[in-house]
Number of protein chains: 4
Amino acid sequence: MILRLGHTELFVTDLEKAREFYVDVLGFREHDSDKQHIYLRGVDEFDTHTLTLTKNSYSGLGHFALRVSDPEDLERLAYHHKKLGIPYTRVPDGAEPGQGASLRIVEPNGHPIEFYHDMQQIDIFDETGRLKRLPMRFTHTDKGIPPLRIDHVNLRVASVDKALNYWRDELNFSVSEYVERDGETFAAWTRRFPGTHDVALVKASGAALHHVAYTVQGPAEIIRTADLLADAGYQDSIEYGPGRHGLSNAFFLYIRDPDGNRMEIYTGDYLRDLDMPPVKWTWEDYSTRGRLWWGAAHPERFQETRPVNQNWL
Amino acid sequence: MILRLGHTELFVTDLEKAREFYVDVLGFREHDSDKQHIYLRGVDEFDTHTLTLTKNSYSGLGHFALRVSDPEDLERLAYHHKKLGIPYTRVPDGAEPGQGASLRIVEPNGHPIEFYHDMQQIDIFDETGRLKRLPMRFTHTDKGIPPLRIDHVNLRVASVDKALNYWRDELNFSVSEYVERDGETFAAWTRRFPGTHDVALVKASGAALHHVAYTVQGPAEIIRTADLLADAGYQDSIEYGPGRHGLSNAFFLYIRDPDGNRMEIYTGDYLRDLDMPPVKWTWEDYSTRGRLWWGAAHPERFQETRPVNQNWL
Amino acid sequence: MILRLGHTELFVTDLEKAREFYVDVLGFREHDSDKQHIYLRGVDEFDTHTLTLTKNSYSGLGHFALRVSDPEDLERLAYHHKKLGIPYTRVPDGAEPGQGASLRIVEPNGHPIEFYHDMQQIDIFDETGRLKRLPMRFTHTDKGIPPLRIDHVNLRVASVDKALNYWRDELNFSVSEYVERDGETFAAWTRRFPGTHDVALVKASGAALHHVAYTVQGPAEIIRTADLLADAGYQDSIEYGPGRHGLSNAFFLYIRDPDGNRMEIYTGDYLRDLDMPPVKWTWEDYSTRGRLWWGAAHPERFQETRPVNQNWL
Amino acid sequence: MILRLGHTELFVTDLEKAREFYVDVLGFREHDSDKQHIYLRGVDEFDTHTLTLTKNSYSGLGHFALRVSDPEDLERLAYHHKKLGIPYTRVPDGAEPGQGASLRIVEPNGHPIEFYHDMQQIDIFDETGRLKRLPMRFTHTDKGIPPLRIDHVNLRVASVDKALNYWRDELNFSVSEYVERDGETFAAWTRRFPGTHDVALVKASGAALHHVAYTVQGPAEIIRTADLLADAGYQDSIEYGPGRHGLSNAFFLYIRDPDGNRMEIYTGDYLRDLDMPPVKWTWEDYSTRGRLWWGAAHPERFQETRPVNQNWL
């Protein structure tokens, strides 16, 4: 069974600039790094890392990964994709630092993804098995927002209805809300975790990454994000918000990293069981109240997207 | 598959006094009522009610209910409890207002519970199927905290190790954290939802309810709870907190309704997959940092509990 | 000695629509009303009212009032304005409900103002002189943001340098910050209270009201303002923000009442003694970081203003 | 004219331990230090320092200082104290780093105080006179709460009525609220700034410091204070709260530094003009709702105080 979005890999062209942005300003915790990568997590996470920054000639989505509840699910997924005629690659334990064996595919809409079960956990016990400490949000040595945990990815696809054939019908993702426009589905929010979404699918010319979202404690931390970015000279990184989404109820700020990768700082969506029927928005309602509950327009550059990894398999 | 804690029923001796407390001061939304009941929910919930107040000669726990993902799970659970030798009662659709068929048992540690799948949902669509509105937290007609959604129940049991034989081993609840004391388990936090707990089990002389918890948006709403209660003359209802739990990281306030039923106003625990190993606390760590991360003592009356329904089946 | 901004009068064309906006949605406390007026205050104020809504054929500024520390200051101000050749009117005790004698002028830049000392206070004592209660922010019967207290007015003037001749040099207001543009003062924030401003002066074609500001507890209440307005169907009232000012450090949201009167919901400026030298902004710094610390542009309609009372004396 | 409380000097026995507490954990900004002193300020302050930690053989109050609006006020105060028969010492410009000339006395109730006008300001301009930046709360290099600015000192005196003869009648401090007990004044909150207090006076056996208070942005920062202290191993420093005062409406946490000096982290009192009549509390009201609006008791050690400087003149 697929449990949730587990981690993402973003391409960046300059690791040092990326570290300044993600670690020094936003307050991601750095687990490890090497010449090609920086491994980060939010302060409420038990996985050693949920965001990998990889040095690359272009920015965008390296891949994202979905955690399964049972190691044997990887076999079931391999079998299932074989039946669907979707090529996959098996990646052995340790090929990605801290991660067990995984199954990699390019999903039918063009996005590089993988399924995995085992992931290295942060060290919360001493040698005798006694708890040292839980990961705690408010530590006296931390700076930044800080981000709590990974929440979702937002993808562009050529056809949302076609994308749902895979995500909803094959992978059993539940649609929480969707937008209908001109007789087709314009956007759909899908999830395995009972929040509003793990993977959002929005119609565009083809596969692309719109944003990766991390949750924070509340609206105060979202305002703090903008204040911190402005203080550190990243005013151009503040793209859209803070605002309240109608769809999902969540409070948000969209920001851009030095390579233009967009991140949503996000808080406060609702929980709803996966078997519940989806909420439908008309285009009119969505465009006037769904995207921004407060009714205002969004900036032009919010439509820009980032490419996805062309060399995943 | 059991998904989560769904709702609770609390016994109160005076419905009008209870309404003033829960609706007028705390800001629960009242779905419906009759001469014997008031049906309430938090403002982020899609179920029409998650808290039923029932007039009774003594206060305490009427029952609590666990939602299953599939109607057929009720058959599986009936079969399973039969094998365990635990008597059950089948309750037909509508026997509880808004609720489908359910299976009622007194679990082996003495608490009245039920399993159900179908529950009436709030009306968010107009006649043409178009979304009227999502349940929104900040409405201009609301007063109170407001509470967002049900989170967990905290029970007293004669033996936590014995209780885990049922909750962990038979119902497949995952233990997130537990406390060891004098060679036995003193307390365990168990869950089917990936938060820290749906059902907490703490050692005492026997079956009893310690508290029911509802989540709020953040610490500001917890402070607001105390401010509202004091303003409305319920200073005696403010029992313990606000404070930060070490165990769960959550921020809390414990309050008492006019009948002495204890409610925890709760925010900010972490998420962790159900297959992860539990966190173990020694008694020393738990009593000095686990209960209250800030290290202070708790008031004597925090140990008081409420009886559970003696006439469930 | 002038102490602070005391209250304002806004013209509205429909009192019932205004009440819905200010009382039912924003949560101003209504002290009293008659056929022509509604008298309001914020929840932290001891004056019975600090905002008077007056029915009028056009919207805009009725007048604003400055409180003096000593009743005799009214005589001194009368003498001083006589010397300056500025006509004044003496208004007797009670001519404005709850207010003592006042001195009315149209200040040299065209704005209707008055000076007063005595103002009716809310009733916080019982018959025996014992405190009933302080005005408390969080009452269980209140809805809305709520606004705490009046903070400042923002005016348009034909020449800021000329306006400072009156406000700074004659009334002894202290300039906290100002903007220089093309060799003249473009804007100046002036105060008698040690916050950043009681009266802001900004260059335009002539006398006009830009906005009246009320403080709230913190950024959460500013977000709540937008959420409440959207919930009540006032999405068009949400004009600009939420955002952080560079100048003043304050967090803000600009909203419009049903008549187009602009209100700033405001929190978090700094305190600085009145004898301190002003902070100077270049136009470049002000337009890129001073107005909005986060660097973003403001919407076109934010430049619109409201007329001022043409029949004050 | 006395404007406000300007700064305090606290005695500490170990400067390094004090720096860890005040700078590394709480987030005070360190302006400067030498072998005997550390000079600190809150993040919203323009004075280079408002808290001086001085190495001493015992902990407690070194002195506190009141800012006057005019340098000539120092002469007037010297003359006035001479008439009162209170000895004073004149301290030249620079005797305290960054401070102009001052007048030192031991006030009639035994506390070491000084009056001053000039104080070094933080550097917010570049060489050409252009603003570099305002002191901003949310900088990406800061850790800690952070504290915003000094608010008040709370003193113990042998007789509050006698103390008011000096503070209210001679120094013209305004009483905002007071408590009557057994026919005398048990406590009085006095101020020159229009908040609730600069100097609080509470009956005890004689002169002593109860606490120094710094304001923070809101309740979230007060919770953060406890979280940060617990995280850094200072659980014993968390003494009382967080809670809401009835008197002043403020939200608070009392903490102890490594030497036992008590600090109140404070937010949200009201503003009221100095000429307004004081609010009177009976002992019954004060002890059940005034100290803590929520009605709970306070811990025993909250009565402990610190000595004051015995060598001030």
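Treating only the Cβ of Lys, Arg, Asp and Glu as charged (+1, +1, -1, -1), what charge dipole size does segment C:2-116 show about its Cα centre? Round to the nearest 20 debye.
420
For segment D:102-141, what are the per-bin percents of Cα-Cα distances with bins 10 Å wide, up to the bin holding the maximum?
The percentages, shortest bin first, are 21, 26, 21, 23, 8.
Given Cβ point charges of +1 (Lys, Arg) and -1 (Asp, Glu) and nothing else, what value in debye, to the nearest 20, does the dipole of the protein assembly as shown about its Cα centre take?
Working: 144 positive and 192 negative charges, 0 e Å.
I would put it at about 0 debye.
Taking the Cα atoms of chain B, report the difference between the largest and smallest coordinate on each principal axis, in whole Å and largest first.
59, 48, 39
Dipole magnitude of segment B:149-303 about its Cα centre, charges +1 at Lys/Arg Cβ and -1 at Asp/Glu Cβ only, in debye to the nearest 20?
Computed charge dipole of segment B:149-303: roughly 80 debye.
To one decimal place, what Kirkwood hydrodynamic radius in Å is obtained for segment D:236-313 from all pairs of distinct Cα atoms?
Values: mean 1/r = 0.0695 Å⁻¹.
Every distinct Cα pair counted, the radius reaches 14.4 Å.
Quick check: residue separation of B:Asn172 and B:Asp34 times 0.36 nm, minus the Cα distance between them. What number comes out in nm?
Between B:Asn172 and B:Asp34, full extension yields an extra 46.0 nm.
Which percentage, to the nearest 5, of the DSSP beta bridges contained in segment D:2-116 is antiparallel? Working shown, then result.
Working: 25 of 34 bridges.
Taking every DSSP beta bridge within segment D:2-116, about 75 percent pair in antiparallel fashion.
Over segment C:2-116, what relative contact order in percent results from Cα pairs under 8 Å that are six or more residues apart?
With pairs under 8 Å counted, the relative contact order is 26 percent.
Could you pull the accessible area for B:Trp294 with a 1.4 Å probe, rounded to 10 Å²?
Estimated to the nearest 10 Å², B:Trp294 gives 10 Å².
Given contacts defined as C-alpha pairs under 8 Å and at least six residues apart, what's the relative contact order of chain C, whole-number percent? All intermediate terms of the calculation are to be shown ahead of the outcome.
Working: 749 pairs, mean separation 59.0, N = 313.
Taking the mean separation of contacting Cα pairs over the length of chain C, I get 19 percent.
What do the square roots of 5 times the Cα gyration tensor eigenvalues come to for segment D:33-187, in whole Å, largest first, as semi-axes of the equivalent ellipsoid?
Its equivalent ellipsoid spans semi-axes of 32, 21, 16 Å.
Could you work out the pair-distance distribution P(r) of segment C:2-116 from its alpha-carbon pairs, with 10 angstrom bin width and percents rounded to whole numbers?
Result, from short to long distances: 13, 43, 31, 12, 1 percent.
By what distance, in whole Å, do the Cα atoms of segment B:149-303 stretch along each of the three principal axes, largest value first?
Result, largest extent first: 46, 31, 27 Å.
Could you work out how far the C-alpha centroid of segment D:120-195 sits from that of segment B:246-313, in angstrom?
39
Ignoring ligands, DNA and RNA, what accessible area per residue does chain D give at 1.4 Å, in Å²?
Using a 1.4 Å probe on heavy atoms only, each residue of chain D averages 34 Å².
Compute the FRET efficiency between B:Arg301 and B:Ala204 as 1/(1 + (r/R0)^6), taking r as their Cβ-Cβ distance and R0 = 22 Å, and round to the nearest 0.05.
0.90
What's the total accessible area buried between chains B and C, using a 1.4 Å probe, rounded to the nearest 100 Å²?
Chains B and C together bury approximately 1400 Å².
Tell me, what is the Rg over Rh of the protein assembly as shown, with Rh the Kirkwood radius over Cα pairs?
Answer for the protein assembly as shown: 0.97.
Hey, how many Å between the Cα centroid of segment D:45-68 and the Cα centroid of segment B:1-71?
55
Give the residues of segment C:194-219 whose amide nitrogen is closer than 19 Å to a point set 7 Å from the Cα of C:Trp283 in the direction of its Cβ.
Of the residues in segment C:194-219, C:201-206 have backbone N under 19 Å from the label point off C:Trp283.
Using a 7 Å offset from Cα along Cα-Cβ at A:Thr141, what residues in segment A:226-253 end up with backbone N under 12 Å from the label point?
Label zone hits: none.
So in the protein assembly as shown, what percent of DSSP beta bridges are antiparallel if you round to the nearest 5?
Values: 228 of 320 bridges.
Bridges in the protein assembly as shown that DSSP calls antiparallel: roughly 70 percent.
May I ask you to find the residues of segment B:134-165 that are shielded by at least 30 Å² of accessible area once the whole protein assembly is considered instead of their isolated chain (probe 1.4 Å)?
Buried by the other chains: B:Leu134, B:Met136, B:Arg137, B:Phe138, B:His140, B:Lys143, B:Arg149.
Can you list the residues of segment A:279-311 whose accessible area drops by at least 20 Å² going from the chain on its own to the full set of protein chains, with a 1.4 Å probe?
Residues passing the criterion (a loss of at least 20 Å², heavy atoms only) are A:Val279, A:Lys280, A:Trp281, A:Thr282, A:Asp285, A:Arg289, A:Trp293, A:Trp294.
Indicate, rounded to the nearest 5 percent, the antiparallel portion of the DSSP beta bridges found entirely in chain D.
Rounded to the nearest five, the antiparallel share is 70 percent.
Provide the descending list of Cα extents for segment A:180-271 along its principal axes, expressed in whole angstroms.
Here the spans come out as 45, 31, 22 Å, largest first.
Which listed residue (C:Leu26, C:Ile38, C:Ser69) has the Cα farthest towards the positive end of the charge dipole for segment C:2-116, taking +1 on Lys and Arg C-beta and -1 on Asp and Glu C-beta about the Cα centre?
Most positive-ward Cα: C:Ser69.
The values are calculated or read from the model by the stated rules, or taken from the named source; none is laboratory data. Since the model is a prediction, treat every value here as computed from it, not as a measurement. Counting neighbours? That spans all protein chains shown, and the Cβs are built from the backbone with ideal geometry, glycine included. Areas reflect the complete protein model, heavy atoms only, side chains present, ligands, DNA and RNA absent. Shrake-Rupley method; radii C 1.70, N 1.55, O 1.52, S 1.80 Å.
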